[in-house]
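**Q** I have a structure I would like to understand better, so I am pasting it below and will then ask my questions one at a time.
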Amino acid sequence: MNMNTRHWNDNDLLDLLYGLDLAPDLSLAHFASCPECSARWQALELRRPSVTEPLPLSNAAEQRLRAQRAAVLDRIGQPRTAWIRRAVPAGAAAFLFFIGIALHQPMPQPTPQVVAVNLTDEQLFAEIASVVDQDAPRATDPIRGLFSENSVKEAQ
Ligand SMILES: [Zn+2]
């Protein structure tokens, strides 16, 4: 037995199996001279495929995965429908805009409340003079009229 290097422990063998950096005091030449370490290494290498190989899929699972993959690739291959995603909000905004225009009613313009009076200056002054000469305001004329009509009817 070559005693220049120490025996490999489990961690050393796993480092070698996974391709990690080895401890500086280890040498691969130790396997040639040490049947114990060589046997452990060979056993580990024999188990390696059972750990690293993918598990065989069942036929149904494999077909389902193939169908999924084909569907994904088909969707990737299709022209993108991004324009639809952009057109929907724009269309909704345009729709609301036209609804707003259709429902819009112009605000009614206030009509001027000016009453055109066609009076000559003489008529206007006569009107003012008659108002000034009255004892009671003109607003009382309809009420006076009622009393005068009643008094006429009562007199009859
Ligand atoms: Zn050894």
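Taken together, the values in this text are just the output of simple stated rules run on the coordinates, not laboratory data. As the structure is a prediction and not an experimental result, all values here were calculated from the model. Quick reminder, even Gly has a Cβ in these numbers, built from the backbone with ideal geometry, and neighbours come from all protein chains shown.
**Q** Using the charge dipole of the chain (Lys, Arg: +1 at Cβ; Asp, Glu: -1 at Cβ; taken about the Cα centre), state which of His104, Ala126, Gln42 has its Cα farthest towards the positive end.
**A** Sorting the options by dipole projection puts first Gln42.
**Q** For the chain, set up a Gaussian network in which alpha carbons nearer than 10 Å are linked by springs, and say which option among Ile99, Ile84, Ile143 fluctuates the most.
**A** For the chain, modelled as a Gaussian network with Cα springs under 10 Å, the answer is Ile143.
**Q** His7 versus Leu146, label points 7 Å from Cα toward the beta carbon: distance in nm?
**A** Each label point is offset 7 Å from its Cα along the Cβ direction, giving 13.2 nm.
**Q** Based on Cβ point charges of +1 for Lys and Arg and -1 for Asp and Glu, what charge dipole magnitude is obtained for the chain about its Cα centre, in debye rounded to the nearest 20?
**A** Its charge dipole is roughly 1340 debye.
**Q** With +1 on each Lys and Arg Cβ and -1 on each Asp and Glu Cβ, how big is the dipole of the stretch 1-77 about its Cα centre, in debye rounded to the nearest 20?
**A** 500
**Q** Still on this structure: Mean-square fluctuation check for the chain, GNM, Cα pairs under 10 Å: which of Ala32, Ala82, Ala61 is largest?
**A** For the chain, modelled as a Gaussian network with Cα springs under 10 Å, the answer is Ala32.
**Q** A further question on this structure: Would you compute, from DSSP H runs of 4+ residues alone, the mean residue ellipticity of the chain at 222 nm, taking -39500 (n - 2.57) per run and dividing by the full residue count, rounded to the nearest 500?
**A** -20500 deg cm²/dmol
**Q** For the chain, with a Gaussian network of springs between Cα atoms less than 10 Å apart, report the residue from Ala139, Ala70, Ala92 with the top mean-square fluctuation.
**A** Of Ala139, Ala70, Ala92, the most mobile in the Gaussian network model is Ala139.
**Q** Sticking with this one: Label Asp133 and Val117 with points 7 Å out from Cα along Cα→Cβ: what is the distance between them in nm?
**A** The answer from the label model is 1.8 nm.
**Q** Among Leu20, Trp8, Ile84, whose Cα lies farthest out toward the positive end of the dipole of the chain, if unit charges sit on the beta carbon of Lys, Arg (+1) and Asp, Glu (-1)?
**A** Of the candidates, Trp8 comes out farthest on the positive side.
**Q** Here's a follow-up. Order these by the 10 Å Cβ neighbour count, fewest first: Trp41, Trp8.
**A** Trp41, Trp8
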